[in-house]
Amino acid sequence: MAKVVMNEMEMNRALTRLAYEIIERNRGVENIILVGIETRGVPIAKRLAAKLEQLEEAVIVESLDIRPYRDDIKSSYQAPADASDFSGKKIILVDDVLYTGRSIRAAMDACIDRGRPSEISLAILIDRGHRELPIRPDYIGKNIPTSKSERVSVHVKELDQVDQVIIH
């Protein structure tokens, strides 16, 4: 049976809190690029960027397809030629759910292929635990302890017509 663990208002509050934490830790937003991990990390990164712009100033938002870097999926995808150079930038990876850490490892590899960032940090809407790799988020919207048999689904209006987080 599905259980809603975060509604639209709670998601919005979590993103607002993440924006303030990013500003505090970085003493502003200078030199920051938000990198949304496809698919649901992208709209979350765009929302986070909008909140940062309201509070400070605009930040660049990039989309990142990690398929070619996954160790469990074969892909012939190539990064677009017009992709930003990440050299010297503070990269904040943004994703919906952190589980084993394998997607984040792939995302870090993809970022490093686009230059040598001065820093890579991680902003996650939901941290559900069960890491297989030593990866820890820097910014967490909400910790939701789960069992390995449960599934966490993040729904965003941009893709799913509703904002909510569900555990199945």
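The values are calculated or read from the model by the stated rules, or taken from the named source; none is laboratory data. Please read all numbers here as calculations on a predicted model, not as lab measurements. When we count neighbours, we look across all protein chains shown, and the Cβ atoms used for this are built from the backbone with ideal geometry, even at glycine. Just the protein is used for accessible areas: all its heavy atoms, side chains included, with ligands, DNA and RNA removed. Shrake-Rupley method; radii C 1.70, N 1.55, O 1.52, S 1.80 Å.
Here the chain has 47 percent of its accessible surface on carbon and sulfur atoms, given a 1.4 Å probe and all protein chains in place. For region 79-118, the dipole from Cβ point charges (+1 on Lys and Arg, -1 on Asp and Glu) about the Cα centre works out to 200 debye, to the nearest 20.
With all protein chains kept in place, the per residue accessible area of region 24-113 amounts to 53 square angstrom at a probe of 1.4 angstrom. Can you bin the chain into rounded, prolate or oblate? Criterion: square roots of the alpha carbon gyration tensor eigenvalues sorted a ≥ b ≥ c, rounded for a/c under 1.5, prolate for a/b above b/c, oblate for the rest. Oblate, since a/c reaches 1.5 and b/c is not below a/b. Per-residue ellipticity at 222 nm, computed for the chain from helices alone with -39500 (n - 2.57) per DSSP H run of at least four residues, works out to -9000 deg cm²/dmol. Placing R0 at 41 angstrom, the Cβ-Cβ distance between ARG27 and ALA2 gives a FRET efficiency of 0.50 after rounding to 0.05.
Within region 75-167, which chymotrypsin sites (Phe, Trp or Tyr not before Pro) sit in a loop by DSSP and count at most 16 neighbouring Cβ atoms inside 10 Å?
Working: sites: TYR77, PHE86, TYR99, TYR139; in loops: TYR77, PHE86, TYR99.
Sparse-neighbourhood loop chymotrypsin sites (Phe, Trp or Tyr not before Pro): TYR77.
Amide H to amide H distances under 5 Å link ILE66 with GLU38, where only residues 5 or more positions off or on other chains count and H is placed in the peptide plane. Please find the FRET efficiency linking TYR20 to ASP72, where r is the Cβ-Cβ separation and R0 is fixed at 35 Å, and quote it to the nearest 0.05. Between TYR20 and ASP72 the formula returns 0.50. Once the C-beta distance of MET9 and THR100 is scaled by a Förster radius of 22 Å, the resulting FRET efficiency is 0.15 to the nearest 0.05. For LYS157, the lysines whose Cα falls under 24 Å of its own Cα, not counting residues fewer than eight places away in the same chain, are LYS3, LYS46, LYS51, LYS142. Magnitude of the charge dipole for the chain, about its Cα centre and with charges confined to Cβ atoms of Lys, Arg (+1) and Asp, Glu (-1), is about 500 debye. Between SER149 and SER118, the modelled labels are 4.9 nm apart [label points 7 Å from Cα along Cα→Cβ]. Expressed to the nearest 5 percent, the antiparallel share of DSSP beta bridges inside region 44-168 is 25 percent.
Since only LEU52, ILE22, ASN7 are under comparison, the one whose Cα sits farthest along the positive direction of the charge dipole of region 1-91, derived from C-beta charges on Lys, Arg, Asp and Glu, is ASN7. In the chain, with Lys and Arg counted as +1 and Asp and Glu as -1 at Cβ, which of these residues, HIS130, VAL42, ILE92, has the Cα nearest the positive end of the dipole, that is, farthest along it? Result: HIS130.
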